[in-house]
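The structure appears below as structure tokens.
The values are calculated or read from the model by the stated rules, or taken from the named source; none is laboratory data. Quick caveat: nothing in here was measured; it's all calculated off a predicted structure. Positions of Cβ are generated from backbone atoms using ideal geometry, with glycine treated the same way; all protein chains shown enter the neighbour counts.
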Amino acid sequence: MSIFYHPQKYRIEDRPMQNFIDSDEIWEILKRNENPDPGRVREVIARSLDKNRLTLDETAVLINANTPELVEEIKQGARDLKERVYGKRIVLFAPLYIGNLCVNNCAYCGFRTSNKKQKRITLTPEEISEEVTMLEDAGHKRLILVFGEHPKYDAKFIADTARHVYSVKHLNGEIRRVNINAAPLDVNGFKIVKEAGIGTYQIFQETYHRDTYLKVHLSGKKRDFDWRITALDRAQEATIDDVGIGALLGLYDWRFEVLGLLRHVNHLEAVYNVGPHTISFPRLKKASGFDAKPEFDVSDEEFTRLVAILRLAVPYTGMILTAREPAHIRDEVFHFGVSQIDGGTNIELKGYSTKNPEQNLDQEQFTIGDNRTLNEVMDELIGHGFLPSFCTACYRLKRTGEHFMEFSVPGFIKRFCQPNAILTMAEYLEDYAPQETKEKGYRLIEENLKDYKDEQFRDKLIDRLERVKKGERDLYF
Ligand code: SAM
Ligand code: SF4
């Protein structure tokens, strides 16, 4: 089935509404579920805790539950779901900006083509090696490569960059999974990128509201709403089934965007039988020449609430929270089932090797709220009893749909995710952690080992842990 359109065929304003997002329908769903009865809200939370994915109407019920008591029950529901299903694991990654050339004019982004203050840089292979070496030396195993949209950054360039990143190895360090955040490609382009062995291809729709989309995407290819919203369909046609979606919160009403994200999930599930691997929900931040005081500002209270609602609405999709958010917000929403975070983040071009203590907005995309080192984040997570993980096993063993398996296959987390988190954390403790974090980390591992009642399995895990301590690397279940 081909459901994508040639971007230049019509002026976009003339094109009929052809895709699965219908703004009027989304508003209608929000409206008909206004002022929900508390009993109905509790019923919806219970359905999610019974491992059902929520409908748009059910999600609208949660969105419209405004009293402090109901909001707390929603947050508690998300905490319960996290504990029951996902355990204490949090996967860590880092973004690596490859180039900020861009032909688009996204009003909110420091890279927009009209921003003459932005210093344009594309990392050379040598510079990429330097950045990756720094990231490996900090302990990273998973990266997301980020690109502006420019003819120079075509599919081949993205694929070659991913291959190059995989080839950089320093001491015990290596990058085992490279994800991509870049412009939408055509089917052939996605095929080229897939061959480089990428993990997730992430594209944020930014806003699911068409009129707002046209207001903030002033010129360039990205102005075509349909070309963007069908991007992950083309990825699926190119057999990339590991995709990430997202909305940039603050462009339009967050209630609408949550249902837009859910509609996108429904579409991918209905047509390809596989939902997105991850959902991202970045909040708009200040950028070079752009002061984030949006009309649709999402307050901290609304943000934490919407993360809890998303967790309940799509209980088996991975959720990514980035360093755009300050540490105190991150600490709260970890408990709602965020599955991946970045740590030791630096989004300045060449930033990991230059190590500027201050952000330089004329050489990066936006302001970040959490600039702790990877070890500071690790230490904090361990202190709260979370198990930081650098695991890449499912992707490398071609166990695709891992999030769905984690959720639906009884014992999957205990047999695969948790032990692999322990083994990759032990690698980190051996190779990169200061003594204090190392001791704390091993104490947490000891505690977690006690949870394994199956002695045979526990012995197997202990044996692998000992092998890691003796210098073997990359052991996984
Ligand atoms: N250029 C590609 C694109 O637009 O799809 C790659 C992504 S861009 C480098 C990464 C993401 O950063 C965008 O999709 C957008 O959601 C986000 N972003 C841009 N400006 C931002 C801002 N001021 N605050 C927070 N996030 C922002
Ligand atoms: Fe370019 Fe992406 Fe920034 Fe838009 S969000 S200006 S496409 S880098």
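Things to note:
- For segment 175-190, the condition holds for at least one residue, the condition being that it is part of a loop (DSSP other than H, G, I, E, B), away from ligand 2 (no atom under 16 Å from the Cβ), farther than 24 Å from H264 by Cα and in the same structural domain as I279 (by TED's automatic domain parsing).
- Looking across D463, D459, D379, one residue alone is in the same structural domain as S339 (by TED's automatic domain parsing) and in a helix (DSSP H, G or I). It is D379.
Residues checked against (1) out of contact with any helix residue (DSSP H, G or I) (no Cβ under 6 Å at 6 or more places or on another chain); (2) farther than 15 Å from Q365 by Cβ; (3) away from ligand 1 (no atom under 16 Å from the Cβ):
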position	(1), (2), (3)
I63	no, yes, yes
K88	yes, yes, yes
L101	yes, no, no
R120	yes, no, no
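- Boolean, A162 is in contact with a strand residue (DSSP E or B) (Cβ under 7 Å, 6 or more places away or on another chain) and either within 13 Å of ligand 2 (Cβ to nearest atom) or within 22 Å of A433 (Cα to Cα) (or both): no
- Against the test of being over 15 Å from L321 (Cβ atoms) and in contact with a strand residue (DSSP E or B) (Cβ under 7 Å, 6 or more places away or on another chain), the options P282, P276 yield a single qualifying residue, P276.
- Residue in segment 60-104 that is surrounded by the most Cβ atoms within 10 Å (Cβ to Cβ), counting only those that are of a type outside the set (A, V, I, L, M) and part of a strand (DSSP E or B): Y97
- Any chance K152 is outside any helix (DSSP H, G or I), farther than 16 Å from E348 by Cβ, within 14 Å of ligand 2 (Cβ to nearest atom) and in contact with a strand residue (DSSP E or B) (Cβ under 9 Å, 6 or more places away or on another chain): yes
- Matching entry among T354, T317, T278 (being farther than 15 Å from P95 by Cβ and touching a Ser or Thr at 6+ places or on another chain (Cβ under 7 Å)): T317
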